1. Which shape class, rounded, prolate or oblate, goes with region 292-422 when its Cα gyration tensor gives a ≥ b ≥ c as root eigenvalues, a/c under 1.5 marks rounded, and past that a/b bigger than b/c marks prolate?
2. For region 18-84, how big is Rg over Rh, using alpha carbon atoms and the Kirkwood form of Rh?
3. Could you name the lysines in cross-link range of residue 115, using Cα to Cα under 29 Å and dropping any fewer than eight places away on the same chain?
4. Out of the total accessible area of region 294-399 (probe 1.4 Å, heavy atoms of protein only), what percent is carbon and sulfur?
5. Output the peptides 199-207, 115-123, 9-17 sorted from most to least packed, where packing is the average of other Cβ atoms within 10 Å over each peptide's residues.
6. With the other protein chains left in place, how much accessible area per residue, in square angstrom, belongs to region 330-412 at a 1.4 angstrom probe?
7. Cα gyration tensor of region 70-175, axes a ≥ b ≥ c as square roots of the eigenvalues: rounded (a/c below 1.5), prolate (a/b > b/c) or oblate?
8. What GluC sites (Glu not before Pro) in region 111-198 are in a loop by DSSP, with at most 11 other Cβ atoms within 10 Å of the Cβ?
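The values are calculated or read from the model by the stated rules, or taken from the named source; none is laboratory data. Just so we're clear, the structure is a prediction, and the values are computed from it rather than from any experiment. Cβ: placed from backbone, ideal geometry, glycine included. Neighbour counts: every protein chain shown. Side chains included, ligands, DNA and RNA excluded: accessible areas come from the protein's heavy atoms. Shrake-Rupley method; radii C 1.70, N 1.55, O 1.52, S 1.80 Å.
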Amino acid sequence: MKTNQNPFFAYRSFWKEFDAMKRFARIGVKQFVVFAGNSTNSLGEPYCQYDPVWKWYDTYDFTPFDEQVSDVLRICPDAEILCMIDLNSPLWLARQLHVDSYSAVTLAECSSRWKKITGNYVRAFVDYAERKFGSRIVSYIMMCGKTDEWMDHSGGVESEGKRLAYRAWCGKQGLPEPEDIPGFGKRNHTSHEQDGLKMRDPVTDHEAIQYWRFHSEINADSILEFAAMVRSQVSRPVELGVFYGYILQLEYSTVSLAHLAYEKVESSPDIDFVISPGDYKDRPIGGGSGFMTPNGTVKLHGKDCLYEIDHRTTSANMQLTPYVALSWMDRWKDLDEDRAGLRREFCRTLFHGSHLWWFDMWGKFYEAQENIDVIAKCREIWEKYADRSFAPEAEVALVVDPESALFIGPNAYDRPLMTPVLKALNRLGTPYEVYSLNDLPNIPRRIKFAVFTGVVKLDDRNRAELELFSAGRQFFWNGPAGLTDGKDWCEQSLPGFRFPDFSAVTADILRREALKAGVHFFTESSCPVWYGRGLLSIHCADGGKMKISLPKAAGSAEELFSGRRLAVNGTQFEYEFGKPETALFKLS
């Protein structure tokens, strides 16, 4: 239930970063995230520096939650709260039930005791939060699974509860009810290899395909069950969010991590937005980062994204304790990179009508006043231009398919499928959007060039929709494509260009094919570009003078971060980029 048309612009941290919160409040940020955590992170450290509220069965002490909210209101008296609910089991409950929802969320979801006990906690928490702080809370966010992002790391293993749930699910699907779930060998068996990827056969491996579909659906069903529970307890407008649908980031492991049923989650009336951090594999300056879930699909379901900007600035603290550090997380190199990077992530969010929060994780991410000044200017622009209905005026689309992912086996990480094409699209010099195969009938007509990645399964309905969608458009098939109709293994003929070496796809290769479709390019350089509603964003790593081409004539351009005005000669103008720089132009 949307509270207003303006997306959230919020601050979040795991820790008590009061000085940073004050800096954000001083620049006009009024939305803060509160996380009443009961569990520990992947390193065994407490997520939250406040004491847990969940003490024992049906026993709660909400004093630490009161303290969190009071700390926010002390710093920002008119704050609005985005409230996270930690559904993960405290250590005592994981020990009692012999199942840890953090690492094996689908096993927990198939435990009737876990569901009942956790449901009691959720109802008690929301009831208390509504009575005490209801006028302040604009959103509830349900957290569970690995890193509180509903990821399952059980590898699909069985339990008695999961076996019974799987049998019941098969019965509802009109399928034979198996005695057991497929064992490890069957779950991970592959019958084919194509373009270096191991693939499942619709006949030989049908049990694995069927089981892994259930594996994601049971996760989605639990998300929606808890969302409905929260919704039923709140009688006023409030937005419900969840981390889910990371098909663009998780690659093949999306299947085992139970993140494939994102269309089911997004179609629910009880979910308002889905959250993801920026893509971890393209964060350096010159790259484009990006949503982990198909943002176009989210919009077609009438929902929003929330983009978590947790990119490591030069000052970001990665030392959790004297003994525990996250040394693998790379920082931007200096304040110039911080400025260009923070602006880049802000612009991506702005052009997609997305919520955002600046995630201070373990503190010191926004220690430098220079970076606070960057965010202050972003907030000023946000107040003027941010709108949930904002979408890039793209002529390029990436199309992925969660159903096809079931046919791709557990391949090694040295053969990523999504990462190369996302990096290429980020550097294309023109905007793009991401959709799912089921979206074909509803993808906007402005899309001229479609890149299909990992679309292995095409059934009769898909083929009919593809035929209609192909009119006047150019297609690029990246990697294995059209290998099964879901019944047999048979390579299908496909319209467009097929590029088998998906790991070698580049922006130049995509650009060559997109030009055939008449796609407009804003720059000759390989760089991230966003355009729409008279705004144009360009991220440049190397600096220097760049010629910029517009799809229609403009009289002038104002660079909004600096206020600098430039003359436009019809559809072209030049701009001298710093090294590095992200510029945002308002075209007259």
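1. Working: a/c = 2.30, a/b = 1.19, b/c = 1.94.
Because a/c hits 1.5 or more and a/b fails to exceed b/c, region 292-422 counts as oblate.
2. Details: Rg = 13.4 Å, Rh = 13.0 Å.
A ratio of 1.03.
3. List returned: 2, 55, 132, 146, 162, 172, 186, 264, 303.
4. Values: 1630 of 3490 Å².
Roughly 47 percent of what the probe reaches on region 294-399 is carbon or sulfur.
5. Numbers: 199-207: 18.4, 115-123: 16.4, 9-17: 21.1.
Result, highest mean Cβ count within 10 Å first: 9-17, 199-207, 115-123.
6. Working: 2470 Å² over 83 residues.
Using a 1.4 Å probe on heavy atoms only, each residue of region 330-412 averages 30 Å².
7. Details: a/c = 2.59, a/b = 2.25, b/c = 1.15.
The shape class here is prolate.
8. Numbers: sites: 130, 149, 158, 160, 179, 193; in loops: 149, 158, 179.
Qualifying residues, ordered by number: 179.
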